[in-house]
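The values are calculated or read from the model by the stated rules, or taken from the named source; none is laboratory data. As the structure is a computational prediction, the values presented were derived from the model and not from experiment. Cβ sites come from the backbone with ideal geometry, for glycine too, and all protein chains shown count toward neighbours. Remember, those area values only see protein heavy atoms, side chains included, never the ligands or the DNA or RNA. Shrake-Rupley method; radii C 1.70, N 1.55, O 1.52, S 1.80 Å.
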Amino acid sequence: MRFIVIAIFVMLATSQEFVEFYSAFSNADLGQLDGWTIQGSLSKAQADNFFTCSDATIFGGPKAFGKGAIVTKQFQLPPHFQIKISVEVWKFDSWDTQRQFFYLDNYLWETMWTGSDGTKRCATPAGGNVNSFQVDQTITHNHAALFIAFASSADKAADKMSWGFRNLKLSYLACPTECGTCLGPDAIVCQMWVPVSSSWIKNVEADGWNVKGSSNVIKTSTCAGIPIVGGPGNFGNNVSIQKIFDKLVPHYRIKVIAQFWKIDNWDNDNAVLYIDNQEKWKQNVAQVEDKEFFICDKVTPGGVDGTEKIINVNFESPHNYGAALVKWTATTKKSSKQASWGIRQFQLYVAQCSSNCATCTGPSAEDCTACVSPYILLDPEDGNGSGCILKGDWVEFTSEFQGSSWTPNPDWKVSDGKNGPDFTSTCGEFKFFGGFEKTGKDAKISRKFNLPAHKRIRIAFEAWKIDNWNGEDYIVKVDGLSVWQRTFGFGDPGLADICGGDGFENYAIVDFVMGHEASTLDLVISTTIGKNNENASFALKGFKLFYEKPDACATLYTECNYTGKSFNMCEDLPNFQLAKYPSKIKSIQVPAGAKVILFDEMDYNGKTIEYTENQKCIEEYQYKFLQKNQQSYVLTANN
């Protein structure tokens, strides 16, 4: 017997502990079969899927797994960078250099058995030798989902040539809690990546993707229980799928993580990824690839028995546009029944700029090259630091949900919530408004604010997702306008499973500024959660609302007693007529600390008169010009 490992795997020096997420087949409990897809088993009886040899219980064996048998299972995982597998593989009876193998996503482990391998350790139908081998491998892996498939190239039925395995254990090394994806334990090199979208991790649906070419409908297929988009009979020659991802946060790089399946008989063809119509990733698949095995059934009629190759894609590139067009295709010239392809586990990330930065060359404040309006970029040479600051006269209007000893203002409302009227919850050491078994599917959190005079508002809080989101959005609206949105799903940074049900919690910082002058503000917080409340919910904490004081403006009226048409004059305006304002001004309200200066000639020349307080009725002047000079409001008048 000899074993062969076909994969690139890296053992990283780290003090981290592996987290075991699956363990099975140390006994014959039928409950362990939940979630497994079994194809080609010799017996239809579930109990026959287990075989006892001496004191060992094996999943498979002479009553179950021989020619054509394949067993698979899928898992969803939090952000991680390594997977460890521990398993005993077993062979029974007369093999003649056939191979037993398993796939862990694109990682392939295989061994070749012969009839002489092993000893007569227990009675089998064919009376041959029995052998086993302990496999312990650690591989690099950072995809949000994982599948495992056990199979063989056995060419006889299980009662003559069979295989199985036992004591399967799977574990992972977690990413730093700050990171949604990583290649190692260092948060510095991964915390800038934020998830944009994920597709085809748990469900395979169109999900906004469009198909072009010989097929015009997104179709799916299943290979040994593994669902994929495309696949045999669906995606072949002259087919591409694409999707536009818009409203991207300011960023400087883009990352694509996905799994590409080559299916059946390719002939030196390429799998290709385009971003913004530029070829960014390509992998050639030869006519005869070493160490490929059969996973997918052939399509009938007209299909072929070809082998499959699984390619894990982990690509990143410079990118700073506000939208990205992602397209997948293949250069195969054959029909989809003879050479096809598919996609699974698509994830899109961008490396975001620092807070309130519009364009940048890297993640830090020093890398910012322009700020989003109304923030201003600091010049490090001035000695005032780097990054973006907010100018203006800002007032904190309210600060709520801070710490853990607060009571919510009754003006906060929840519609379609659960277990009210108290809509507070706890999550570990945190206290939330909303949350597990409170605000889930269809729920909305709202509040109406009555504000003093202002010209802009700023809202900041922590937007929390709880448990298992699958590409749903957290949405903030002001006066019916969507002003902030974030997609949560597989591959999000996860603090831990600190509350709620079975899932990881995560949050994003909401912090935005917008022009706003109305005396009332209607805030609505909602999501697109499509699950029951127990599986996914949302909350907020640390809420703050600020407003910016309006400019100190003189108000001019066309009639005495501050009546008639009114106009706020806040900046230079040298000619009323050009501004289409009436020249007849009969009363003026002067802001505190300012003064209005009247001129009787053009260009602010001639005789003047100054007002430092309100003028209820002015009869002798017709005003044509206004100039603001620091705290003086300068009017030119004809008397």
Item to check | Residue identified as outside any strand (DSSP E or B) and not hydroxyl-bearing (Ser, Thr, Tyr) among ASP159, ASP136 | outcome: ASP159
Item to check | Hits in region 200-226 - residues which are in a loop (DSSP other than H, G, I, E, B) and either at positive phi or β-branched (Val, Ile, Thr) (or both) | outcome: TRP200, ILE201, VAL204, ASP207, GLY208, VAL217, ILE218, ALA224, GLY225
Checklist entry - Among the residues of region 301-318, is there at least one that is more than 24 Å from HIS141 (Cβ to Cβ) and within 23 Å of the chain's Cα centre (by Cα)? => result yes
Item to check | Test for ALA154: is it aliphatic (A, V, I, L, M), open to solvent by less than 40 Å² (accessible area, probe 1.4 Å) and assigned to a loop (DSSP other than H, G, I, E, B) | outcome: yes
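Per-residue answers, yes or no, for (1) open to solvent by less than 30 Å² (accessible area, probe 1.4 Å); (2) not in a strand (DSSP E or B):
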| position | (1), (2) |
| --- | --- |
| SER354 | yes, yes |
| GLU366 | no, yes |
| ALA370 | no, no |
| SER373 | no, yes |
| GLU381 | no, yes |
| SER386 | no, yes |
| SER399 | no, no |
Next on the checklist: For region 60-94, which positions are open to solvent by 10 Å² or more (accessible area, probe 1.4 Å) and aromatic (Phe, Trp, Tyr)?
Outcome noted: PHE75
Next on the checklist: So, in region 441-466, how many residues would count as being open to solvent by less than 30 Å² (accessible area, probe 1.4 Å) and more than 22 Å from PRO408 (Cβ to Cβ)?
Outcome noted: 1
Next on the checklist: Condition (residue is open to solvent by 60 Å² or more (accessible area, probe 1.4 Å), small (Gly, Ala, Ser), modelled with pLDDT of 95 or more and more than 30 Å from ALA258 (Cβ to Cβ)) applied to region 47-59: is it met by at least one residue?
Outcome noted: no
Checklist outcome for this item: Condition set assigned to a strand (DSSP E or B) and in contact with a Gly (Cβ under 7 Å, 6 or more places away or on another chain), scope region 227-258, selection surrounded by the fewest Cβ atoms within 10 Å (Cβ to Cβ): answer is SER240
Item to check | Residues (open to solvent by 40 Å² or more (accessible area, probe 1.4 Å) and at pLDDT below 95) located in region 520-551 | outcome: THR528, GLY530, LYS531, ASN532, GLU534, ASN535, LYS549, PRO550, ASP551
Checklist entry - Hey, any hits in region 199-216 for a residue that's touching a helix residue (DSSP H, G or I) at 6+ places or on another chain (Cβ under 9 Å) and of a type outside the set (S, T, N, Q)? => result no
Item to check | PHE346, sole failed condition from (1) open to solvent by 80 Å² or more (accessible area, probe 1.4 Å); (2) closer than 30 Å to THR222 by Cβ; (3) not in a loop (DSSP other than H, G, I, E, B) | outcome: (1)
Checklist entry - If you take the residues of region 428-485 that are under 22 Å from LYS549 (Cα atoms) and among the small types (Gly, Ala, Ser), which of them is nearest to the chain's Cα centre (by Cα)? => result ALA460
Item to check | region 409-436, residues that are under 30 Å from GLY515 (Cα atoms), free of Cβ contacts under 8 Å to residues at least 60 places away in the same chain and surrounded by 17 or more Cβ atoms within 10 Å (Cβ to Cβ) | outcome: TRP412, VAL414
Item to check | Considering residues of region 485-500 that are modelled with pLDDT of 80 or more and under 16 Å from PHE432 (Cα atoms) only, the residue most open to solvent (accessible area, probe 1.4 Å) | outcome: ILE498
Checklist outcome for this item: Across (1) outside any strand (DSSP E or B); (2) buried (at least 18 other Cβ atoms within 10 Å of the Cβ); (3) in contact (Cβ under 8 Å) with a residue 40 or more places away in the chain, TRP113 clears everything bar (1)
Checklist entry - Mind checking which pairs have a first residue in region 508-519 that is assigned to a loop (DSSP other than H, G, I, E, B) and a second that is surrounded by fewer than 11 Cβ atoms within 10 Å (Cβ to Cβ), Cβ under 7 Å, 6 or more apart or different chains? => result SER519/ASN450
